[in-house]
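Report on the structure given below.
Values in this text are rule-based calculations from the coordinates and carry no lab data. The shown structure was predicted, so the numbers you read here are calculated from the model rather than taken from an experiment.
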Amino acid sequence: MATPLIVVIGSANADRIIQLPHLPARGVTVTDGRFMQTFGGKGANQAVAAARAGSAVTFLVSLGIDAEGDAMLAAFRHDNIDVSHALRAVDARLRGTGRRPRALQLCARPVARRPGLHAYVLAGRQ
């Protein structure tokens with residue numbers, strides 16, 4: 001039986017997850033959260049699943065010209081996904097300005113059933 005050939009056209013994104021030991025109480029700051037970054041996106045998930053199931057996969061995707069884009073390409077290649085046609089793009093607002101993209105600033109808000117001030121701090125992430 002021949003190996004299935006699949007072309008996926010879709011998106012890829014970086015998911016940022018903060019795992020907290022508990023939701024901060026109103027007015028309390030939690031400082032021992034764990035930060036994780038994983039890659040996802042509907043197209044990326046489909047491409048990885050098909051490749052891991054044994055198909056030959058080509059993934060047509062547009063990624064930023066940054067460290068996250070580089071890391072995503074490396075992860076796709078690690079799963080034997082052909083990303084030779086991936087586009088690399090600078091944020092359209094910066095195009096033609098000569099400026100480089102700024103480092104990501106992370107701001108997250110926990111989901112709570114009751115409104116109020118909840119805060120947490122991740123060392124080295126500000």
- the stretch 6-76 - Rg and Dmax from Cα coordinates, angstrom: 16.4, 52
- For Phe39, distant residues with modelled amide H under 5 Å away: Asp15
